[in-house]
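The values are calculated or read from the model by the stated rules, or taken from the named source; none is laboratory data. Given the structure is predicted, the values throughout are model-derived calculations rather than measurements. Using ideal geometry, Cβ is built from the backbone for each residue, glycine included, and neighbour counts are taken over all protein chains shown. For the accessible areas, the whole protein counts, side chains as well, though only heavy atoms, and no ligand, DNA or RNA atoms are used. Shrake-Rupley method; radii C 1.70, N 1.55, O 1.52, S 1.80 Å.
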Number of protein chains: 4
Amino acid sequence: MEQFQIRTDLAMEARERFEEDVELRGVAIEEDYDEKRDIRVTTVRIESENGAKAMGKPIGTYITLEAPKLSDPDEDYHREVSETLAEYLKELLGTGQERSVLVVGLGNRDVTPDALGPEVVNNLRITRHVVREYGRAAFAKEKIHMVSGIVPGVMAQTGMETLEIVRGVAEETRPDVIVAIDALAARSSKRLNRTIQISDAGIHPGSGVGNHRHSLTKETTGVPVIAIGVPTVVDAATIVYDATRDRNAVLPGLNSMFVTPKDIDETIKRLSFTISEALNIALS
Amino acid sequence: MEQFQIRTDLAMEARERFEEDVELRGVAIEEDYDEKRDIRVTTVRIESENGAKAMGKPIGTYITLEAPKLSDPDEDYHREVSETLAEYLKELLGTGQERSVLVVGLGNRDVTPDALGPEVVNNLRITRHVVREYGRAAFAKEKIHMVSGIVPGVMAQTGMETLEIVRGVAEETRPDVIVAIDALAARSSKRLNRTIQISDAGIHPGSGVGNHRHSLTKETTGVPVIAIGVPTVVDAATIVYDATRDRNAVLPGLNSMFVTPKDIDETIKRLSFTISEALNIALS
Amino acid sequence: MEQFQIRTDLAMEARERFEEDVELRGVAIEEDYDEKRDIRVTTVRIESENGAKAMGKPIGTYITLEAPKLSDPDEDYHREVSETLAEYLKELLGTGQERSVLVVGLGNRDVTPDALGPEVVNNLRITRHVVREYGRAAFAKEKIHMVSGIVPGVMAQTGMETLEIVRGVAEETRPDVIVAIDALAARSSKRLNRTIQISDAGIHPGSGVGNHRHSLTKETTGVPVIAIGVPTVVDAATIVYDATRDRNAVLPGLNSMFVTPKDIDETIKRLSFTISEALNIALS
Amino acid sequence: MEQFQIRTDLAMEARERFEEDVELRGVAIEEDYDEKRDIRVTTVRIESENGAKAMGKPIGTYITLEAPKLSDPDEDYHREVSETLAEYLKELLGTGQERSVLVVGLGNRDVTPDALGPEVVNNLRITRHVVREYGRAAFAKEKIHMVSGIVPGVMAQTGMETLEIVRGVAEETRPDVIVAIDALAARSSKRLNRTIQISDAGIHPGSGVGNHRHSLTKETTGVPVIAIGVPTVVDAATIVYDATRDRNAVLPGLNSMFVTPKDIDETIKRLSFTISEALNIALS
């Protein structure tokens, strides 16, 4: 009999299902706390198939920034989070060399909590066409990255898998790396809109607010895929299961529903700006 | 000790809290089923203060159309619902005489399930300025209604109560009647996006997806207020309470969250069109 | 010395540069007038390289529907135009057989007169994913077409050529035919928003409100490309040249400007609906 | 015979119709150039009915900031313009005392060059509801202003005059001052999107991209009205008249058309942010 699956896109939450003193082979965890900025960074490294199985997530590095004030409208704080995030992104993107980066804004721009990805691409400094037009020499800089962006839409709007669109575009434009931004589902409502996860493991089926049925990974797209995600919803089913611990209480209809805060429009606007600024800093 | 309040904006659901054979004094109920169109119409008449107290709703007539296929993308069916709705609206609006109608699209156009009201005003046939410019005589019609519309926004966007804006506009433009469209919170997720309630009792505090802190009624605006509402969300708290029957299971954070279906963007687009068409028919 | 180039995307207008009695070799013209619907259809067939050179347009068939009332808000008339348009589309698309059609909404959804293409895709009945999920057998129909859609955005938003995106997506999803919708620049302001051109010659550099630098044709995408265009702007330079017949009067700054009617938002909404309905009818 | 009227909303341009050495009685002009920021400020004071008649503008102070780089995407420069603008606004708003300010975003949010006003209100820090909820004492500040905002829409959307809506809202909410933001029509295309005019003379018929048929002034609304305007279009008729100096060359159809740059979406986004920041600074 199928067990009710608690859905989480956060590796950090996947870890929390185990007692703290259980040692998971193939899973390394590291915590870091920036007291001045009040940002907690948890790095989960899934290093073996064994660890992947235990965690229910593919092999890779998952970096989670928890910033409690991230849902507050404090511009200076958001800039600090952008700067912290940019540091981690630089490392994952390998910006030591010149990079051509394709940023993919996943999700549905017409559904507020799912519009995070499209909004990030909207705020991005797009440069690929300028570099191609005028050449790298035209820039008074030692290193110049090329940034392109696409908002593929969701399957109900396009009739196509996101993977089909992204793979096609990647094959034509040959980026060095793909950055995919997605709104995630969290396990716990207290993490909503306060947590940013970046990972080099790509995007996987069932992740996100929408449904991607195929992974976006190096294997499927031909290019390394860095994922940036923010939990903006909790599954309605999860909230009920949490309250009841009874999987029979989770009525079938709930599976097509999600829970989201009432001020989600302001929150998405701010978060998308924070993430696009981080990318703008990392790729400037 | 304060009891956990199950929130519903549907008079029909308020009635369901009582056993069916309990007779509520001052509350008359009538049911009608259009088999051909598969539309069930329940009319709840709250006729006395006693009935109002028992129901937790003000005196007035509440007509609820339940149309199970309303969330399907069947254009012909939507047109039939528009026509049925138009009949009830004509009666409440008194379109036997020439009427000047101000349509108010309540809610936040940037939050998908709350954008129903703004979308309805968007699709409306606005005529007041044309009638005022060219005169009623210019129309080859016996009777010509004047339709105006406003999307006041929500308090976080305007800093003003909806009532302040609507009352001000009504005092300047002197409509005969106000029609206020609002996205509602339902008690049961099975009614979401399948039910339309119209009422001559106005709009009341705590109704809707957003929070109106002041009623929009004849008393507060100076003009009769017809409310049209569709439940597009369920309170997260309600869903948990339903599953647990335990008000302690309802964590405080849940009160600022709502539950909504994942295809809410398509649904809102269709529903708003169906309602604006009903108004266009009733006022043509 | 470079001559000032009057820019038009309409083959019909290109023809008008010549005296009516000049016979252009390799160019056949046919006119048809539907009196009942007041729709004039001009078919220009450019049949040889010679004709192509004279006309400044590639070999192909260009069908122009002129419908003077198209910019009026008359729903019944718009439906008739959709039906007429659908007939021509069926022929060009070859809907006698089952077809897989990729509809590309060219243009910038954030610039009103350029949003025609994105809006058409928004209103389209997308079916490819459903057919792929449930199979053709699941439909109680003899023939079932697969429709997919994409809004690639413009280069300033994506850093990529439209061709790169479309070719990539076409290579992955293998449609039988591409339909590209684009807002055009007209030569004469009297044709704005009243004319629809469909053509099997694809989309070409310098066409449209935005700038596509590479053609979308069978040669470049690997798939036949049907173009549907509506002139929604006139180049500012053209308007001045028309008034002065003096190319020195056309100041350089004007080249980055366009002229558009003030009620362009309503017009685009209606026109995009008319075109998406034509596609929905042709592909149902 | 009616003369062709060159339309400009900029007092500075109205002055330019006269030779520089013509002395206009009742009109005082002052120029100021901030070399570091490359911002030229022209203050036109129309002090008598005589001056008003000569200029074709009501009595009042008109301050024009010309900032050539304003249409460039340079964030630091935009911040400097915001700061300069804030200084002038503080003076006109009288922020030495606590003020209650109603910001009105005029124009049509669905027409790109007319969306300036709605966008400014979108980015504004709205505080009136918070001050009213928690009281001024709750703020750790000596002085606290109350900011409210409204986007009234245009007559085709509402069926109402803008004045009817604004006057109604002002009577209900009793602001000390109204700030009305509007997209303007310029005389010269070289001023487009590079010029900001602020004035204490209110908003007048025929101003702006849309058509306000009634003035928004202290006389009509009961409250002083500060206008902030940016020319985002040139009338198509003006451009042709400029090129030909022949009013017969201006065809009637051109009067319902406007000319706007192709990158108007990016420009409006930046300009609206610059103006809302200026207001946020002035009212913080």
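This table checks each residue for (1) touching a Lys or Arg at 6+ places or on another chain (Cβ under 8 Å); (2) free of Cβ contacts under 8 Å to residues at least 40 places away in the same chain.
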| position | (1), (2) |
| --- | --- |
| D:VAL44 | yes, yes |
| D:GLU47 | no, yes |
| D:LEU65 | yes, no |
| D:GLU75 | no, yes |
| D:GLU83 | no, no |
| D:GLN97 | yes, no |
| D:VAL111 | yes, no |
| D:LEU124 | no, no |
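Being among the polar types (S, T, N, Q) and open to solvent by less than 10 Å² (accessible area, probe 1.4 Å) is the filter here; which residues of region C:110-150 pass it?
Within region C:110-150, just C:SER148 meets the criteria.
Residue by residue, here is whether (1) of a type in the set (Ser, Thr, Tyr); (2) open to solvent by 10 Å² or more (accessible area, probe 1.4 Å) holds:
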{"position": "D:VAL225", "(1), (2)": "no, no"}
{"position": "D:VAL233", "(1), (2)": "no, no"}
{"position": "D:ASP242", "(1), (2)": "no, yes"}
{"position": "D:VAL250", "(1), (2)": "no, yes"}
{"position": "D:ILE275", "(1), (2)": "no, no"}
{"position": "D:SER284", "(1), (2)": "yes, yes"}
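Looking at region B:175-183, is at least one residue acidic (Asp, Glu), surrounded by fewer than 22 Cβ atoms within 10 Å (Cβ to Cβ), in a loop (DSSP other than H, G, I, E, B) and at pLDDT 95 or above?
For region B:175-183, residues acidic (Asp, Glu), surrounded by fewer than 22 Cβ atoms within 10 Å (Cβ to Cβ), in a loop (DSSP other than H, G, I, E, B) and at pLDDT 95 or above: present.
Taking the criterion of being in contact with a helix residue (DSSP H, G or I) (Cβ under 9 Å, 6 or more places away or on another chain) and part of a strand (DSSP E or B), would at least one residue in region C:49-56 satisfy it?
Looking through region C:49-56, none of the residues is in contact with a helix residue (DSSP H, G or I) (Cβ under 9 Å, 6 or more places away or on another chain) and part of a strand (DSSP E or B).
Among what's in region A:125-156 and is assigned to a loop (DSSP other than H, G, I, E, B) and closer than 19 Å to C:ILE150 by Cβ, pick the residue that is farthest from the other protein chains (Cβ to nearest Cβ).
My answer is A:VAL154.
Would you confirm, using the coordinates I've provided, whether A:GLY202 is away from every other protein chain (no Cβ under 13 Å), at positive phi, surrounded by fewer than 24 Cβ atoms within 10 Å (Cβ to Cβ) and of a type outside the set (Val, Ile, Thr)?
In short, yes.
Could you please tell me which pairs satisfy a Cβ distance under 7 Å, a separation of 6+ or placement on different chains, a first residue in region B:157-168 that is facing chain D (nearest Cβ under 7 Å) and open to solvent by 10 Å² or more (accessible area, probe 1.4 Å), and a second residue that is part of a helix (DSSP H, G or I) and not β-branched (Val, Ile, Thr)?
The qualifying pairs are B:GLU164/D:GLU172; B:ARG167/D:GLU172.
State all residues of region B:5-26 that are open to solvent by 100 Å² or more (accessible area, probe 1.4 Å), of a type in the set (D, E, K, R) and assigned to a loop (DSSP other than H, G, I, E, B); if no residue qualifies, say none.
Matches in region B:5-26: B:ARG17, B:GLU19, B:GLU20, B:ASP21, B:GLU23, B:ARG25.
Does D:GLU172 satisfy the criteria of being at pLDDT 90 or above, under 14 Å from D:LEU106 (Cα atoms), in contact with a Lys or Arg (Cβ under 7 Å, 6 or more places away or on another chain) and within 11 Å of another protein chain (Cβ to nearest Cβ)?
No: the conditions fail for D:GLU172.
Inspect region B:93-102 for any residue being buried (at least 22 other Cβ atoms within 10 Å of the Cβ) and over 15 Å from the mean Cα position of the chain (by Cα) and give the result as yes or no.
Yes, that holds for at least one residue.
Can you tell me which of C:ILE39, C:ILE29, C:ILE46, C:ILE63 is open to solvent by 70 Å² or more (accessible area, probe 1.4 Å) and modelled with pLDDT of 90 or more?
That would be C:ILE29, the only listed residue that is open to solvent by 70 Å² or more (accessible area, probe 1.4 Å) and modelled with pLDDT of 90 or more.
Mind checking whether some residue in region C:271-283 is without any contact (Cβ under 8 Å) to a residue 24 or more places away in the chain, closer than 26 Å to B:ARG125 by Cβ and either within 14 Å of chain D (Cβ to nearest Cβ) or in contact with a His (Cβ under 6 Å, 6 or more places away or on another chain) (or both)?
There is no residue in region C:271-283 that is without any contact (Cβ under 8 Å) to a residue 24 or more places away in the chain, closer than 26 Å to B:ARG125 by Cβ and either within 14 Å of chain D (Cβ to nearest Cβ) or in contact with a His (Cβ under 6 Å, 6 or more places away or on another chain) (or both).
Working only within region D:124-153, note down all residues that are touching a Leu at 6+ places or on another chain (Cβ under 8 Å) and not polar (S, T, N, Q).
Once the filter is applied, which keeps residues that are touching a Leu at 6+ places or on another chain (Cβ under 8 Å) and not polar (S, T, N, Q), region D:124-153 yields D:LEU124, D:ARG125, D:HIS145, D:VAL147, D:GLY149, D:ILE150, D:PRO152.
Restricting the first residue to region B:251-263 and requiring it to be at the interface with another protein chain (Cβ under 7 Å from one of its Cβ atoms), which pairs with a second residue that is among the aliphatic types (A, V, I, L, M) and open to solvent by 10 Å² or more (accessible area, probe 1.4 Å) meet a Cβ separation below 6 Å and a spacing of at least six or different chains?
Within 6 Å, the pairs are B:VAL259/A:MET257; B:VAL259/B:ILE239; B:PRO261/A:MET257.
Test of understanding: among D:ALA227, D:ALA236, D:ALA278, which residue is under 30 Å from C:ILE239 (Cα atoms) and of a type outside the set (Asp, Glu)?
D:ALA236
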